[in-house]
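I'd like to ask you about the structure that follows.
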Protein chains: 2
Amino acid sequence: MARKATPKAEASAQKILDAALELFRERGFDGATMRDIARKAGVATGAAYYYYPSKDALVLAFYQHASAEMQPRIEAALAGARGLEAGLRELIRVKLDYFAPNRPVLRALLRNGADPKHPLSPFSPETGAIRAFDLEWFRRILSDCGFGIPRDLAPHLPDVLWLFQMGVIYFWVTDDSPGQARSYRLLDRAAKAVAVLVRLSALPLMRPVRKVALELIAIVKGPDDTAVPA
Amino acid sequence: MARKATPKAEASAQKILDAALELFRERGFDGATMRDIARKAGVATGAAYYYYPSKDALVLAFYQHASAEMQPRIEAALAGARGLEAGLRELIRVKLDYFAPNRPVLRALLRNGADPKHPLSPFSPETGAIRAFDLEWFRRILSDCGFGIPRDLAPHLPDVLWLFQMGVIYFWVTDDSPGQARSYRLLDRAAKAVAVLVRLSALPLMRPVRKVALELIAIVKGPDDTAVPA
DNA sequence: GTCTATATCGGGATAGAC
DNA sequence: GTCTATCCCGATATAGAC
């Protein structure tokens, strides 16, 4: 999106993105018009479209920018987190905290989840790079958590945890409790439950359960292993 | 939506809805314009808006119509289904089969799920009546399934199963496998897994697990018991 | 009450001049 | 790279035919 050619162009792109985010926050995604965004940024509507080919592209740009900016924050948060439960909780907490001022923007993102072909879907190729960064963190949490993960489950767990994260975020964008307190409570409890489940999954007694889970995972992931289709 | 005043009016409303559904199927929700829909139905654009105040209203009307039409089909399907697994599977299968020709319409519905305030959200007040019918079926499946449900879990299980259903449908609308074969496989296996889980939940050994589950359910359902917010 | 026809508006997106 | 003008679409409004 953002042409890096000249400093001036980059400044314009940033100016437009900032104006867009502010208006999204104030009036929501649909309430903010491209005309308003352009005017607030001090450019013509056509100029806005020069940098961002669509209104959705502004959301995508924010998402990419956010992902990059969150990497060091996640690193720092995980440095102080021991174990799977804490790792999971802190990783997702960083995201909720970071996105908090821009919940309407995230809603605009998630509403296209039902259509994997939509560029803004969390499952789309366009957001694939961001997904890859996320998965890397989940892999790290799992390998650092200190207890053994069953070999058959191990390669799929990052995807499962990623889906868990999406579920929490989905709940969070729709959560109207003050400060999204319910979401944070849910995250606390659910992270603990997931950690216990992963731990229990290693027990010999749990082999049949694991087998069923693996079958479900295989169906959801589909014939191609490259993506998480839904 | 549909004025029942005169047969002629009802016929017009139906004609417009049919034209809309056909165009949605052909070009998707966004690809079909109100002008096209009206022209295809042989009426003026204003007439379409006379019956359906918005494009979304067409989707809502379809959803309501579908819900009503599915009731006897569900009744018939459940008559031949014994046990929780079969009941769950057949109930959801009826819906997938019924909706199959109109997957794009259902996508238009589900994409607003991230915003409970949107009229088309499956969690919105406007779709509340449909949700109530659904919940009644889940209650019936549970009470007919033949084994005891723990007292503490019982009042919440219909909501949980409803959410499970939404998950399957969400997967189904994004499923591009031929005939949505993957979705049906998922439904088969997942219904079995859910049934086993419910059965196991009654074991004395499972009390602590049940307690955690109940806590999660309480957080998700929120302070008001009237609705399933997300 | 059930429409047609038409004008109008706001908003996303594009083309082409500069 | 940026702006102006324009197009299309969803939605609203209105006047009037039947």
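The values are calculated or read from the model by the stated rules, or taken from the named source; none is laboratory data. Quantities reported herein were computed from a predicted structural model and do not represent experimental measurements. All Cβ positions, glycine included, derive from the backbone under ideal geometry; neighbour counts span all protein chains shown.
If you take just the helices (runs of 4 or more DSSP H) that sit entirely in region A:1-116, which of them hold at least 2 residues that are within 24 Å of A:ARG185 (Cα to Cα)?
Once the helices (runs of 4 or more DSSP H) in region A:1-116 are filtered for at least 2 residues that are within 24 Å of A:ARG185 (Cα to Cα), what remains is A:55-79, A:83-99, A:103-110.
Find the residue count for region A:20-46, including only residues that are exposed (fewer than 14 other Cβ atoms within 10 Å of the Cβ) and of a type in the set (Gly, Ala, Ser).
Final tally of qualifying residues: 4.
Which residue out of B:SER67, B:SER54 is under 23 Å from the mean Cα position of the chain (by Cα), within 16 Å of DNA strand C (Cβ to nearest atom) and within 22 Å of B:PRO119 (Cα to Cα)?
Selected residue: B:SER54, the only one of B:SER67, B:SER54 that is under 23 Å from the mean Cα position of the chain (by Cα), within 16 Å of DNA strand C (Cβ to nearest atom) and within 22 Å of B:PRO119 (Cα to Cα).
Show the residue pairs meeting these rules: Cβ distance below 7 Å; 6+ apart or different chains; first residue within region B:22-49 and away from chain A (no Cβ under 14 Å); second residue of a type in the set (Gly, Ala, Ser) and more than 10 Å from DNA strand C (Cβ to nearest atom).
Short answer, once both residue conditions are applied: B:LEU23/B:ALA32; B:ALA32/B:ALA20; B:ILE37/B:ALA19; B:ILE37/B:ALA20; B:LYS40/B:ALA19; B:ALA41/B:ALA19.
Still on this structure, please answer the following. Could you please find all residues in region B:89-104 being within 25 Å of B:ARG199 (Cα to Cα) and more than 13 Å from the chain's Cα centre (by Cα)?
Matches in region B:89-104: B:ARG89, B:GLU90.
Could you grab me the full set of residues in region A:132-166 that are in a loop (DSSP other than H, G, I, E, B) and over 21 Å from A:VAL220 (Cα atoms)?
If the condition is that a residue be in a loop (DSSP other than H, G, I, E, B) and over 21 Å from A:VAL220 (Cα atoms), then A:CYS145, A:GLY146, A:PHE147, A:GLY148 are the ones that fit.
Also: Take the residues in region A:47-64 that are farther than 20 Å from A:ARG111 by Cβ and surrounded by fewer than 17 Cβ atoms within 10 Å (Cβ to Cβ), then tell me which one is farthest from DNA strand D (Cβ to nearest atom).
This residue is A:TYR49.
Ok, one more. So, B:ILE130, is that one within 11 Å of the chain's Cα centre (by Cα), away from chain A (no Cβ under 14 Å), away from DNA strand C (no atom under 16 Å from the Cβ) and β-branched (Val, Ile, Thr) or not?
Yes, satisfied.
Let me ask something else about it. Any idea which of A:LYS15, A:LYS8 is more than 13 Å from DNA strand C (Cβ to nearest atom) and at pLDDT below 95?
Going through A:LYS15, A:LYS8 in turn, the sole match is A:LYS8.
Is it the case, given these coordinates, that A:LEU161 is more than 10 Å from every other protein chain (Cβ to nearest Cβ) and in contact (Cβ under 8 Å) with a residue 40 or more places away in the chain?
Yes.
Since A:ARG82 meets every condition but one in (1) in the same structural domain as A:ARG139 (by TED's automatic domain parsing); (2) within 23 Å of A:THR127 (Cβ to Cβ); (3) of a type in the set (Lys, Arg), which condition does it not meet?
Every condition holds for A:ARG82 apart from (2).
Moving to a separate point now. Quick one: A:ALA195 ticks every box in (1) at pLDDT 95 or above; (2) at the interface with chain B (Cβ under 10 Å from one of its Cβ atoms) except a single one, so which number is it?
Result: A:ALA195 fails condition (2) only.
Report yes if B:ALA202 is in the same structural domain as B:ALA76 (by TED's automatic domain parsing) and touching a helix residue (DSSP H, G or I) at 6+ places or on another chain (Cβ under 6 Å), otherwise no.
Spelling it out, it is not the case that B:ALA202 is in the same structural domain as B:ALA76 (by TED's automatic domain parsing) and touching a helix residue (DSSP H, G or I) at 6+ places or on another chain (Cβ under 6 Å).
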